[in-house]
1. Looking at this structure, is residue 28 surrounded by 10 or more Cβ atoms within 10 Å (Cβ to Cβ) and not polar (S, T, N, Q)?
2. Specify which of the listed residues (54, 39) is of a type in the set (Lys, Arg) and either more than 15 Å from the chain's Cα centre (by Cα) or modelled with pLDDT under 90 (or both).
Amino acid sequence: MRCPFCAEDVRDDAAVCRYCGNYLTVPESLLAENLELKKRLAALQQELTELHGKRASRRAARRKL
Ligand SMILES: [Zn+2]
């Protein structure tokens, strides 16, 4: 069968794709949820990085005063 994630051919009885490591036996609804959560995680990590950047620059500005 073909992996829905990376489109590589994997064995029909494979539980995990040997190419991309995604689970092939998980229901599609859970896969969609997992994908959504991964996106949210990436967004939160981005937000956290920005907040850290802001805090650092604010601290630097305060030091000048
Ligand atoms: Zn794959």
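The values are calculated or read from the model by the stated rules, or taken from the named source; none is laboratory data. On a predicted model such as this, the values are computed, not experimentally measured, just so you know. Cβ sites come from the backbone with ideal geometry, for glycine too, and all protein chains shown count toward neighbours.
1. Numbers: surrounded by 10 or more Cβ atoms within 10 Å (Cβ to Cβ): no; not polar (S, T, N, Q): yes.
Criteria not met by residue 28.
2. None of the others qualify; the one that does is 54.
Residues are listed down the side, and each one gets a yes or a no for (1) in a helix (DSSP H, G or I); (2) within 16 Å of the ligand (Cβ to nearest atom); (3) more than 13 Å from residue 4 (Cβ to Cβ); (4) of a type outside the set (A, V, I, L, M):
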{"residue": "20", "(1), (2), (3), (4)": "no, yes, no, yes"}
{"residue": "31", "(1), (2), (3), (4)": "yes, yes, no, no"}
{"residue": "35", "(1), (2), (3), (4)": "yes, yes, no, no"}
{"residue": "45", "(1), (2), (3), (4)": "yes, no, yes, yes"}
{"residue": "49", "(1), (2), (3), (4)": "yes, no, yes, yes"}
{"residue": "53", "(1), (2), (3), (4)": "yes, no, yes, yes"}
